[in-house]
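The values are calculated or read from the model by the stated rules, or taken from the named source; none is laboratory data. Remember, predicted model here, so these are calculated numbers, not experimental data. Here the Cβ positions follow ideal geometry from the backbone for every residue, glycine too, while neighbour counts run over all protein chains shown.
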Amino acid sequence: MKNFNLLTISILLLTLNISAQTDITLKINHLLGEEVFAFNKTVTAPGEYSVNVTRLEYYISQIKLVHDGGKIEVLSDKYFLVNGASLFSSSLGNFNISKLEEIRFSIGVDNLPNTNPNDNSTNTTNHADPSLWFAGHPLSPKSPSMHWGWTSGYRFVALEGKTGLGAAYTYEIHALGDGNYNEVSIPTVIDASGGELNIELDANYLNSLKDVDVSSGLIEHGSTGQAIPFLKNFQTEVFSVKGEQKDSTVSVQENGELFKFTIGPNPSNGLNLKAYYNLVSETDYRLSITDLNGKIVEQVKLSGSSINLTDLSPGIYVVNVLEEGVSVYSQKAIVTR
């Protein structure tokens, strides 16, 4: 009878564990500014000039799911080649996750041990033979090519198009290089429901051209020059949770003047996080910081033009600006150590 009871308990625990599994799906909405992405659509770039896109492809790898109090699932064998020509929606797998707190992923192909079972070499993934991947794998040979060569590895992002009056100039940015392999970190608050958890991101590719001037054309193939800020923009400027404001600066009209507020860097290591603002009146502005459970961890009256936020423990926070006790702006901040 004792063994029977133990067996029954074991089966029950196994059943509960299976029932807790959640199907995770990642979806990316392609955008150009505030418009839905489309090839050959003319929009205004950050430098106030006309630009369109004729090619957009990039790799995503090393996905990490931070969930349920800081637990991390690492998807080291998942590689995706995202193409602006089609909606991106893919299953990430089945995991025991109830609440997703953050998604992390890197742009490009990693310089880590190769997971290709057909490759017996010691080459890292970014410097392995693409022909050894099975046909149809994201890292197998593509046309047009996404592989630069064994020494340099894969193109992390390929962005091409026309710019200038009458689309007179051509730009091509093929950015790559192990030193430019950057991790994107996006705080989220997404609960599983009905055995599913859907992560939906917006990707504003116009932001990839922030401080990268292609108004007179640009040919940048490699890992230096404009490829560096371009890939940095993919890390910090392009992706956000669907519907959330990506621009980290807010401007509020106040008596004919603008109250501006921003925090950075975000994500931060917790040692250099600051809030910057300009006070345009004698209004009582306060900064209130809460954790994901709604607990206030810090509240302070704003004065001067900046304040250090260096006493925060690792985690995800909501930073609120209060005007006479009423919230006029909020932004998520992530602190890592």
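Structure values in brief
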| read-out | value |
| --- | --- |
| Region 75-116 - residue that is under 30 Å from W150 (Cβ atoms) and either out of contact with any strand residue (DSSP E or B) (no Cβ under 7 Å at 6 or more places or on another chain) or not assigned by TED's automatic domain parsing to the domain that holds R155 (or both) and, of those, surrounded by the most Cβ atoms within 10 Å (Cβ to Cβ) | N116 |
| Answer from L231, L197 - the residue that is modelled with pLDDT of 95 or more, outside any strand (DSSP E or B), buried (at least 16 other Cβ atoms within 10 Å of the Cβ) and not small (G, A, S) | L231 |
| Test: V319 is farther than 29 Å from V66 by Cα, assigned to a strand (DSSP E or B), at pLDDT 85 or above and among the β-branched types (V, I, T) | no |
| Subset of region 40-67 [loosely packed, with under 13 Cβ neighbours inside 10 Å and either in contact with an Asp or Glu (Cβ under 8 Å, 6 or more places away or on another chain) or closer than 29 Å to H147 by Cα (or both)] | N40 |
| Set N17, N40, N5, N29: member being of a type outside the set (F, W, Y), modelled with pLDDT of 90 or more and either in a loop (DSSP other than H, G, I, E, B) or over 16 Å from the mean Cα position of the chain (by Cα) (or both) | N40 |
| Which listed residue is of a type in the set (A, V, I, L, M) and farther than 27 Å from I24 by Cα, from A167, A192, A203 | A167 |
| Spans of strands (runs of 3 or more DSSP E) in region 122-179 with at least 1 residues among the aliphatic types (A, V, I, L, M) | 153-163, 169-176 |
| The one condition in (1) without any contact (Cβ under 8 Å) to a residue 60 or more places away in the chain; (2) surrounded by fewer than 18 Cβ atoms within 10 Å (Cβ to Cβ); (3) touching a helix residue (DSSP H, G or I) at 6+ places or on another chain (Cβ under 6 Å) that D211 fails to fulfil | (1) |
| Leading residue by the ranking (modelled with the lowest pLDDT) among those in region 292-310 that are assigned to a loop (DSSP other than H, G, I, E, B) and either closer than 13 Å to V321 by Cα or hydrophobic (A, V, I, L, M, F, W, C) (or both) | L292 |
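Condition check ((1) without any contact (Cβ under 8 Å) to a residue 24 or more places away in the chain; (2) under 16 Å from G217 (Cβ atoms)) across all residues:
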site: L139; (1), (2): no, no
site: S143; (1), (2): yes, no
site: M146; (1), (2): no, no
site: Y154; (1), (2): no, no
site: T163; (1), (2): no, yes
site: L176; (1), (2): no, no
site: N182; (1), (2): no, no
site: A192; (1), (2): no, no
site: N198; (1), (2): no, no
